[in-house]
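As C-alpha coordinates, the structure follows; a few thoughts come after it.
The values are calculated or read from the model by the stated rules, or taken from the named source; none is laboratory data. This is a predicted model, so every value here is computed, not measured. Cβ atoms come from the backbone with ideal geometry, glycine included; neighbour counts cover every protein chain shown.
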Ligand code: NAI
Ligand code: MG
(Lines give C-alpha, C1' and ligand atoms only; values in the text may rest on other atoms or scores of the structure.)
(Ligands and ions follow the chains in the order given, each with its own letter.)
Protein backbone atom coordinates (compact mmCIF):
# COMPACT_ATOMS: atom_id res chain seq x y z
CA UNK A 1 0.00 0.00 0.00
CA UNK A 2 1.15 3.56 -0.65
CA UNK A 3 2.31 5.48 2.36
CA UNK A 4 0.14 7.93 4.30
CA UNK A 5 1.28 10.00 7.20
CA UNK A 6 -0.57 11.59 10.11
CA UNK A 7 0.63 13.92 12.83
CA UNK A 8 -0.51 12.73 16.24
CA UNK A 9 -0.32 14.81 19.41
CA UNK A 10 0.18 12.46 22.35
CA UNK A 11 -0.92 13.72 25.76
CA UNK A 12 -0.14 10.87 28.14
CA UNK A 13 -0.91 12.92 31.27
CA UNK A 14 -0.80 11.77 34.88
CA UNK A 15 -1.01 8.58 36.91
CA UNK A 16 -1.68 5.52 34.75
CA UNK A 17 -1.96 7.78 31.66
CA UNK A 18 1.64 7.17 30.48
CA UNK A 19 1.37 3.42 31.21
CA UNK A 20 -1.78 2.85 29.14
CA UNK A 21 -0.73 5.24 26.35
CA UNK A 22 2.56 3.35 25.96
CA UNK A 23 0.60 0.16 25.23
CA UNK A 24 -1.70 1.94 22.77
CA UNK A 25 1.36 3.30 20.94
CA UNK A 26 2.79 -0.21 20.83
CA UNK A 27 -0.38 -1.54 19.19
CA UNK A 28 -0.60 1.42 16.80
CA UNK A 29 2.97 0.85 15.66
CA UNK A 30 2.29 -2.84 15.12
CA UNK A 31 -0.77 -2.27 12.87
CA UNK A 32 0.46 0.84 11.08
CA UNK A 33 3.90 -0.41 10.08
CA UNK A 34 2.75 -3.21 7.73
CA UNK A 35 0.03 -0.95 6.26
CA UNK A 36 2.53 1.79 5.46
CA UNK A 37 0.77 4.28 7.70
CA UNK A 38 3.30 6.62 9.29
CA UNK A 39 2.30 8.24 12.58
CA UNK A 40 4.44 11.24 13.46
CA UNK A 41 3.91 11.49 17.19
CA UNK A 42 4.58 14.60 19.23
CA UNK A 43 4.42 14.18 23.00
CA UNK A 44 2.94 17.05 25.04
CA UNK A 45 3.64 16.99 28.77
CA UNK A 46 0.40 18.28 30.29
CA UNK A 47 -1.50 17.55 33.47
CA UNK A 48 -1.32 17.86 37.23
CA UNK A 49 2.35 16.87 37.50
CA UNK A 50 3.25 19.32 34.77
CA UNK A 51 1.34 22.08 36.55
CA UNK A 52 3.12 21.32 39.82
CA UNK A 53 6.49 21.45 38.06
CA UNK A 54 5.91 24.51 35.86
CA UNK A 55 2.72 26.35 36.89
CA UNK A 56 1.37 25.81 33.36
CA UNK A 57 -1.94 24.18 32.53
CA UNK A 58 -2.51 24.55 28.77
CA UNK A 59 -0.84 27.71 27.46
CA UNK A 60 -2.22 29.23 24.27
CA UNK A 61 1.01 28.49 22.33
CA UNK A 62 0.77 24.82 23.27
CA UNK A 63 -2.88 24.71 22.25
CA UNK A 64 -1.98 26.18 18.87
CA UNK A 65 0.77 23.56 18.40
CA UNK A 66 -1.68 20.80 19.26
CA UNK A 67 -4.14 22.28 16.75
CA UNK A 68 -1.65 21.64 13.93
CA UNK A 69 -2.00 17.88 14.41
CA UNK A 70 -4.40 15.49 12.68
CA UNK A 71 -5.56 13.83 15.92
CA UNK A 72 -4.85 13.65 19.65
CA UNK A 73 -4.25 10.50 21.66
CA UNK A 74 -4.99 11.29 25.28
CA UNK A 75 -4.35 9.25 28.44
CA UNK A 76 -5.76 10.95 31.53
CA UNK A 77 -5.00 14.01 33.59
CA UNK A 78 -5.59 14.76 37.24
CA UNK A 79 -4.16 14.15 40.68
CA UNK A 80 -5.49 11.96 43.46
CA UNK A 81 -8.84 13.26 44.72
CA UNK A 82 -7.98 15.10 47.92
CA UNK A 83 -4.51 16.20 46.78
CA UNK A 84 -4.61 19.67 48.29
CA UNK A 85 -1.65 20.99 46.31
CA UNK A 86 -3.87 21.44 43.25
CA UNK A 87 -6.86 23.82 43.20
CA UNK A 88 -10.07 21.87 42.77
CA UNK A 89 -11.28 21.75 39.17
CA UNK A 90 -8.22 23.55 37.75
CA UNK A 91 -7.04 20.66 35.58
CA UNK A 92 -10.56 19.85 34.34
CA UNK A 93 -11.36 23.46 33.41
CA UNK A 94 -8.02 24.57 32.05
CA UNK A 95 -7.03 21.42 30.20
CA UNK A 96 -9.97 19.08 29.48
CA UNK A 97 -12.71 21.65 28.94
CA UNK A 98 -10.34 24.06 27.20
CA UNK A 99 -9.35 21.38 24.68
CA UNK A 100 -12.96 20.34 24.13
CA UNK A 101 -14.29 23.85 23.55
CA UNK A 102 -11.29 25.31 21.67
CA UNK A 103 -11.12 22.37 19.29
CA UNK A 104 -14.93 22.27 18.98
CA UNK A 105 -15.32 18.64 20.01
CA UNK A 106 -19.05 18.74 19.52
CA UNK A 107 -19.45 14.99 19.45
CA UNK A 108 -18.62 12.72 22.32
CA UNK A 109 -18.70 9.22 20.91
CA UNK A 110 -18.87 6.26 23.24
CA UNK A 111 -19.12 2.73 21.93
CA UNK A 112 -20.33 0.05 24.34
CA UNK A 113 -19.60 -3.51 23.51
CA UNK A 114 -19.81 -6.49 25.82
CA UNK A 115 -16.66 -8.40 24.93
CA UNK A 116 -16.28 -12.16 25.24
CA UNK A 117 -14.60 -13.19 28.48
CA UNK A 118 -15.93 -10.08 30.20
CA UNK A 119 -18.42 -10.21 33.04
CA UNK A 120 -21.41 -7.90 32.95
CA UNK A 121 -23.19 -7.14 36.23
CA UNK A 122 -26.40 -7.95 34.37
CA UNK A 123 -27.59 -11.54 34.76
CA UNK A 124 -28.66 -11.93 31.14
CA UNK A 125 -27.29 -9.04 29.08
CA UNK A 126 -27.51 -10.72 25.68
CA UNK A 127 -25.42 -9.24 22.90
CA UNK A 128 -24.47 -5.65 23.69
CA UNK A 129 -23.04 -3.51 20.91
CA UNK A 130 -24.23 0.07 20.75
CA UNK A 131 -22.80 3.57 20.43
CA UNK A 132 -23.90 6.70 22.26
CA UNK A 133 -23.49 9.93 20.27
CA UNK A 134 -23.50 12.62 22.95
CA UNK A 135 -23.51 16.34 22.21
CA UNK A 136 -20.32 17.86 23.60
CA UNK A 137 -20.48 21.65 23.60
CA UNK A 138 -24.04 22.76 24.34
CA UNK A 139 -26.99 21.86 26.54
CA UNK A 140 -26.88 22.46 30.28
CA UNK A 141 -23.05 22.25 30.22
CA UNK A 142 -22.59 25.37 28.10
CA UNK A 143 -21.85 27.48 31.16
CA UNK A 144 -24.89 29.72 30.83
CA UNK A 145 -25.99 30.27 34.39
CA UNK A 146 -25.42 32.20 37.52
CA UNK A 147 -26.27 32.73 41.11
CA UNK A 148 -27.88 35.60 42.97
CA UNK A 149 -28.11 36.18 46.74
CA UNK A 150 -25.87 33.20 47.37
CA UNK A 151 -26.06 31.70 50.82
CA UNK A 152 -29.40 33.27 51.64
CA UNK A 153 -32.89 31.78 51.65
CA UNK A 154 -33.55 33.89 48.56
CA UNK A 155 -30.71 32.33 46.59
CA UNK A 156 -31.40 31.91 42.88
CA UNK A 157 -29.25 29.48 40.89
CA UNK A 158 -29.62 28.82 37.17
CA UNK A 159 -28.06 26.60 34.56
CA UNK A 160 -29.66 27.32 31.22
CA UNK A 161 -29.62 24.56 28.63
CA UNK A 162 -28.42 26.05 25.34
CA UNK A 163 -29.37 24.20 22.16
CA UNK A 164 -28.73 25.67 18.74
CA UNK A 165 -30.25 24.44 15.51
CA UNK A 166 -26.73 24.30 14.06
CA UNK A 167 -25.44 22.30 17.02
CA UNK A 168 -28.30 19.80 16.97
CA UNK A 169 -28.17 19.42 13.18
CA UNK A 170 -24.48 18.58 13.02
CA UNK A 171 -24.88 16.12 15.90
CA UNK A 172 -27.90 14.38 14.40
CA UNK A 173 -26.23 14.30 10.97
CA UNK A 174 -23.24 12.48 12.47
CA UNK A 175 -25.55 10.00 14.22
CA UNK A 176 -27.50 9.22 11.03
CA UNK A 177 -24.25 8.74 9.08
CA UNK A 178 -22.96 6.40 11.75
CA UNK A 179 -26.21 4.43 11.93
CA UNK A 180 -26.33 4.05 8.16
CA UNK A 181 -22.84 2.49 8.17
CA UNK A 182 -23.66 -0.03 10.90
CA UNK A 183 -25.25 -3.40 10.38
CA UNK A 184 -28.52 -2.85 12.23
CA UNK A 185 -29.02 0.76 11.07
CA UNK A 186 -31.10 1.83 14.01
CA UNK A 187 -31.12 5.29 15.57
CA UNK A 188 -32.73 6.09 18.92
CA UNK A 189 -33.21 9.71 19.89
CA UNK A 190 -32.98 10.08 23.66
CA UNK A 191 -34.48 13.15 25.32
CA UNK A 192 -37.31 14.18 27.57
CA UNK A 193 -39.46 16.15 25.17
CA UNK A 194 -42.66 15.66 27.12
CA UNK A 195 -41.26 18.01 29.80
CA UNK A 196 -38.29 19.74 28.19
CA UNK A 197 -40.47 20.83 25.30
CA UNK A 198 -38.28 23.50 23.72
CA UNK A 199 -34.98 21.67 23.47
CA UNK A 200 -36.71 18.30 23.11
CA UNK A 201 -38.79 19.41 20.15
CA UNK A 202 -35.77 20.98 18.45
CA UNK A 203 -34.07 17.58 18.69
CA UNK A 204 -37.18 15.71 17.53
CA UNK A 205 -37.87 18.06 14.60
CA UNK A 206 -34.24 17.83 13.51
CA UNK A 207 -34.38 14.03 13.52
CA UNK A 208 -37.72 14.02 11.69
CA UNK A 209 -36.42 16.41 9.04
CA UNK A 210 -33.27 14.39 8.36
CA UNK A 211 -34.82 10.90 8.48
CA UNK A 212 -36.07 10.88 4.83
CA UNK A 213 -32.44 11.31 3.68
CA UNK A 214 -31.61 8.00 5.40
CA UNK A 215 -34.44 5.68 4.32
CA UNK A 216 -32.51 2.58 5.43
CA UNK A 217 -32.15 3.83 9.02
CA UNK A 218 -34.93 2.90 11.46
CA UNK A 219 -35.68 5.80 13.81
CA UNK A 220 -36.96 5.46 17.32
CA UNK A 221 -37.47 7.78 20.33
CA UNK A 222 -37.17 7.09 24.05
CA UNK A 223 -37.38 9.35 27.07
CA UNK A 224 -34.10 9.28 28.97
CA UNK A 225 -35.63 7.66 32.05
CA UNK A 226 -36.95 4.81 29.92
CA UNK A 227 -33.47 4.38 28.47
CA UNK A 228 -32.10 3.61 31.93
CA UNK A 229 -34.70 0.83 32.23
CA UNK A 230 -34.03 -0.73 28.84
CA UNK A 231 -30.27 -0.39 29.13
CA UNK A 232 -30.57 -2.58 32.21
CA UNK A 233 -33.30 -4.99 31.10
CA UNK A 234 -32.70 -5.25 27.34
CA UNK A 235 -29.48 -3.52 26.22
CA UNK A 236 -29.28 -5.51 22.99
CA UNK A 237 -32.17 -3.44 21.58
CA UNK A 238 -29.85 -0.45 21.07
CA UNK A 239 -27.66 0.37 18.09
CA UNK A 240 -26.94 4.12 17.83
CA UNK A 241 -28.32 6.52 20.48
CA UNK A 242 -28.18 10.27 19.98
CA UNK A 243 -28.70 12.65 22.87
CA UNK A 244 -27.78 15.92 24.54
CA UNK A 245 -24.79 16.61 26.76
CA UNK A 246 -26.35 15.97 30.19
CA UNK A 247 -28.39 12.90 29.28
CA UNK A 248 -25.40 11.54 27.39
CA UNK A 249 -23.14 11.97 30.41
CA UNK A 250 -25.50 9.92 32.55
CA UNK A 251 -26.41 7.12 30.16
CA UNK A 252 -22.80 6.57 29.07
CA UNK A 253 -21.80 5.85 32.66
CA UNK A 254 -24.59 3.29 32.84
CA UNK A 255 -23.49 1.90 29.47
CA UNK A 256 -19.92 1.58 30.77
CA UNK A 257 -21.11 -0.23 33.87
CA UNK A 258 -23.18 -2.86 32.06
CA UNK A 259 -20.32 -3.76 29.73
CA UNK A 260 -17.97 -4.79 32.47
CA UNK A 261 -15.84 -1.96 33.51
CA UNK A 262 -13.90 1.19 33.40
CA UNK A 263 -10.73 -0.38 32.02
CA UNK A 264 -12.45 -1.26 28.73
CA UNK A 265 -14.40 1.85 27.71
CA UNK A 266 -12.95 4.23 25.07
CA UNK A 267 -14.32 7.52 23.82
CA UNK A 268 -13.80 9.99 21.03
CA UNK A 269 -14.15 13.76 21.33
CA UNK A 270 -14.85 14.50 17.73
CA UNK A 271 -14.90 17.51 15.50
CA UNK A 272 -16.58 15.85 12.53
CA UNK A 273 -16.29 18.94 10.36
CA UNK A 274 -12.52 18.47 10.84
CA UNK A 275 -11.81 22.12 11.52
CA UNK A 276 -9.56 20.97 14.42
CA UNK A 277 -8.07 17.66 15.59
CA UNK A 278 -10.33 15.18 17.34
CA UNK A 279 -9.21 13.58 20.57
CA UNK A 280 -9.38 9.91 21.57
CA UNK A 281 -9.05 8.69 25.14
CA UNK A 282 -10.11 6.09 27.68
CA UNK A 283 -13.22 7.06 29.65
CA UNK A 284 -11.38 6.48 32.94
CA UNK A 285 -9.15 8.93 34.78
CA UNK A 286 -5.56 8.82 36.01
CA UNK A 287 -6.25 6.19 38.71
CA UNK A 288 -3.65 7.46 41.20
CA UNK A 289 -4.44 4.48 43.46
CA UNK A 290 -2.81 2.05 41.02
CA UNK A 291 -0.41 4.35 39.15
CA UNK A 292 3.14 3.20 38.48
CA UNK A 293 2.36 -0.42 39.37
CA UNK A 294 1.57 -1.87 35.94
CA UNK A 295 -1.90 -2.73 37.23
CA UNK A 296 -3.90 -0.61 34.80
CA UNK A 297 -5.87 -2.22 32.00
CA UNK A 298 -4.72 -0.60 28.73
CA UNK A 299 -7.64 -1.94 26.66
CA UNK A 300 -9.73 1.27 26.86
CA UNK A 301 -6.81 3.30 25.49
CA UNK A 302 -6.01 0.68 22.84
CA UNK A 303 -9.66 0.82 21.69
CA UNK A 304 -9.46 4.63 21.70
CA UNK A 305 -6.43 4.33 19.41
CA UNK A 306 -8.55 2.13 17.11
CA UNK A 307 -11.24 4.84 17.04
CA UNK A 308 -8.52 7.33 16.13
CA UNK A 309 -7.36 5.21 13.19
CA UNK A 310 -10.95 4.87 12.00
CA UNK A 311 -11.36 8.65 12.17
CA UNK A 312 -8.17 9.05 10.12
CA UNK A 313 -9.62 6.81 7.40
CA UNK A 314 -8.06 3.49 8.39
CA UNK A 315 -11.14 1.43 9.23
CA UNK A 316 -9.43 -1.81 8.30
CA UNK A 317 -6.60 -1.32 10.79
CA UNK A 318 -9.10 -0.17 13.44
CA UNK A 319 -11.02 -3.42 12.99
CA UNK A 320 -7.78 -5.42 13.25
CA UNK A 321 -7.17 -3.87 16.66
CA UNK A 322 -10.73 -4.55 17.82
CA UNK A 323 -10.53 -8.16 16.66
CA UNK A 324 -7.23 -8.62 18.48
CA UNK A 325 -8.77 -7.17 21.66
CA UNK A 326 -11.78 -9.49 21.34
CA UNK A 327 -9.69 -12.60 20.85
CA UNK A 328 -7.32 -11.67 23.67
CA UNK A 329 -10.21 -11.06 26.08
CA UNK A 330 -11.82 -14.31 25.04
CA UNK A 331 -8.62 -16.21 25.87
CA UNK A 332 -7.38 -14.28 28.92
CA UNK A 333 -10.19 -11.94 30.05
CA UNK A 334 -10.03 -13.03 33.67
CA UNK A 335 -6.25 -13.57 33.95
CA UNK A 336 -4.21 -11.22 36.16
CA UNK A 337 -1.66 -9.59 33.88
CA UNK A 338 0.49 -6.49 33.89
CA UNK A 339 -0.34 -3.49 31.71
CA UNK A 340 2.54 -4.33 29.35
CA UNK A 341 1.63 -8.03 29.21
CA UNK A 342 -1.87 -7.14 28.01
CA UNK A 343 -0.43 -4.77 25.39
CA UNK A 344 2.01 -7.44 24.20
CA UNK A 345 -0.73 -10.08 24.00
CA UNK A 346 -2.91 -7.78 21.89
CA UNK A 347 0.02 -7.10 19.56
CA UNK A 348 0.55 -10.87 19.31
CA UNK A 349 -3.14 -11.37 18.43
CA UNK A 350 -2.94 -8.98 15.45
CA UNK A 351 -2.93 -10.54 11.98
CA UNK A 352 0.61 -11.44 10.95
P1 LIG B 1 -10.47 7.00 37.86
O2 LIG B 1 -11.20 6.60 36.64
O3 LIG B 1 -9.10 7.49 37.67
O4 LIG B 1 -10.41 5.75 38.87
C5 LIG B 1 -11.59 5.16 39.43
C6 LIG B 1 -11.29 3.71 39.86
O7 LIG B 1 -11.15 2.89 38.69
C8 LIG B 1 -9.98 3.60 40.62
O9 LIG B 1 -10.13 2.62 41.64
C10 LIG B 1 -9.00 3.12 39.58
O11 LIG B 1 -7.94 2.35 40.10
C12 LIG B 1 -9.88 2.27 38.65
N13 LIG B 1 -9.38 2.34 37.27
C14 LIG B 1 -9.44 3.41 36.43
N15 LIG B 1 -8.88 3.12 35.25
C16 LIG B 1 -8.47 1.84 35.34
C17 LIG B 1 -7.81 0.96 34.42
N18 LIG B 1 -7.45 1.33 33.19
N19 LIG B 1 -7.52 -0.30 34.83
C20 LIG B 1 -7.87 -0.70 36.06
N21 LIG B 1 -8.51 0.08 36.97
C22 LIG B 1 -8.79 1.33 36.61
O23 LIG B 1 -11.36 8.08 38.59
P24 LIG B 1 -11.03 8.96 39.90
O25 LIG B 1 -10.28 8.15 40.89
O26 LIG B 1 -12.31 9.57 40.27
O27 LIG B 1 -10.12 10.13 39.38
C28 LIG B 1 -8.69 10.16 39.47
C29 LIG B 1 -8.20 11.39 38.74
O30 LIG B 1 -8.49 11.28 37.34
C31 LIG B 1 -8.86 12.69 39.21
O32 LIG B 1 -7.89 13.70 39.24
C33 LIG B 1 -9.89 12.96 38.13
O34 LIG B 1 -10.20 14.32 38.01
C35 LIG B 1 -9.17 12.46 36.90
N36 LIG B 1 -10.04 12.12 35.77
C37 LIG B 1 -9.56 12.45 34.54
C38 LIG B 1 -10.27 12.13 33.40
C39 LIG B 1 -9.68 12.50 32.10
O40 LIG B 1 -8.49 12.79 32.01
N41 LIG B 1 -10.45 12.50 31.02
C42 LIG B 1 -11.56 11.43 33.48
C43 LIG B 1 -11.94 11.07 34.83
C44 LIG B 1 -11.20 11.41 35.92
MG1 MG C 1 -19.03 11.36 33.44
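Brief remarks follow.
- Condition check for residue 286: farther than 20 Å from residue 350 by Cα, within 11 Å of ligand 1 (Cβ to nearest atom), in contact with a strand residue (DSSP E or B) (Cβ under 6 Å, 6 or more places away or on another chain) and in the same structural domain as residue 8 (by TED's automatic domain parsing): yes
- Taking the range 250-275 as the range and being within 14 Å of the chain's Cα centre (by Cα), away from ligand 2 (no atom under 14 Å from the Cβ) and assigned to a helix (DSSP H, G or I) as the test, the residues that pass are 263, 264.
- Screening residue 339 on (1) within 16 Å of ligand 1 (Cβ to nearest atom); (2) out of contact with any helix residue (DSSP H, G or I) (no Cβ under 7 Å at 6 or more places or on another chain) shows it passes everything except condition (2).
- Odd one out for residue 274, checked against (1) at positive phi; (2) in the same structural domain as residue 207 (by TED's automatic domain parsing): (2)
- Positions within the range 66-94 being away from ligand 2 (no atom under 16 Å from the Cβ), in contact (Cβ under 8 Å) with a residue 24 or more places away in the chain and within 13 Å of residue 51 (Cβ to Cβ), in sequence order: 79, 83, 85, 86, 90, 94
- Given (1) over 17 Å from residue 278 (Cα atoms); (2) assigned to a helix (DSSP H, G or I), index of the condition residue 38 fails: (2)
- Here residue 300 meets the list (1) surrounded by 20 or more Cβ atoms within 10 Å (Cβ to Cβ); (2) under 30 Å from residue 99 (Cα atoms); (3) out of contact with any strand residue (DSSP E or B) (no Cβ under 7 Å at 6 or more places or on another chain) almost entirely, failing just condition (3).
- Residue in the range 303-323 that is within 12 Å of ligand 1 (Cβ to nearest atom), crowded, with 22+ Cβ neighbours inside 10 Å and part of a helix (DSSP H, G or I) present: yes
Okay, residues lined up against (1) at pLDDT below 95; (2) surrounded by 18 or more Cβ atoms within 10 Å (Cβ to Cβ); (3) more than 9 Å from ligand 1 (Cβ to nearest atom):
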{"position": "66", "(1), (2), (3)": "no, yes, yes"}
{"position": "81", "(1), (2), (3)": "yes, no, no"}
{"position": "88", "(1), (2), (3)": "yes, no, yes"}
{"position": "101", "(1), (2), (3)": "yes, no, yes"}
{"position": "104", "(1), (2), (3)": "no, yes, yes"}
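- Residue that is on the phi > 0 side of the Ramachandran plot and in contact with a strand residue (DSSP E or B) (Cβ under 9 Å, 6 or more places away or on another chain), where the choices are 200, 143, 126: 143
- Residue list for the range 77-98, filter: part of a helix (DSSP H, G or I) and within 22 Å of residue 19 (Cα to Cα): 91, 92, 95, 96
- Whenever a residue of the range 283-312 is free of Cβ contacts under 8 Å to residues at least 40 places away in the same chain, its partners that are assigned to a loop (DSSP other than H, G, I, E, B) and more than 16 Å from ligand 2 (Cβ to nearest atom), lying with C-beta atoms within less than 9 angstrom and at least six residues away or across chains, give the pairs 293/16; 293/338.
- The range 226-249 - residue that is at pLDDT 95 or above, in a helix (DSSP H, G or I) and under 17 Å from the mean Cα position of the chain (by Cα) and, of those, farthest from ligand 1 (Cβ to nearest atom): 247
- Criterion violated by residue 74 - all others in (1) surrounded by 15 or more Cβ atoms within 10 Å (Cβ to Cβ); (2) more than 16 Å from ligand 1 (Cβ to nearest atom); (3) assigned to a strand (DSSP E or B) satisfied: (2)
- Filter pass, residue 202 being assigned by TED's automatic domain parsing to the domain that holds residue 171, closer than 20 Å to residue 92 by Cα and more than 16 Å from ligand 1 (Cβ to nearest atom): no
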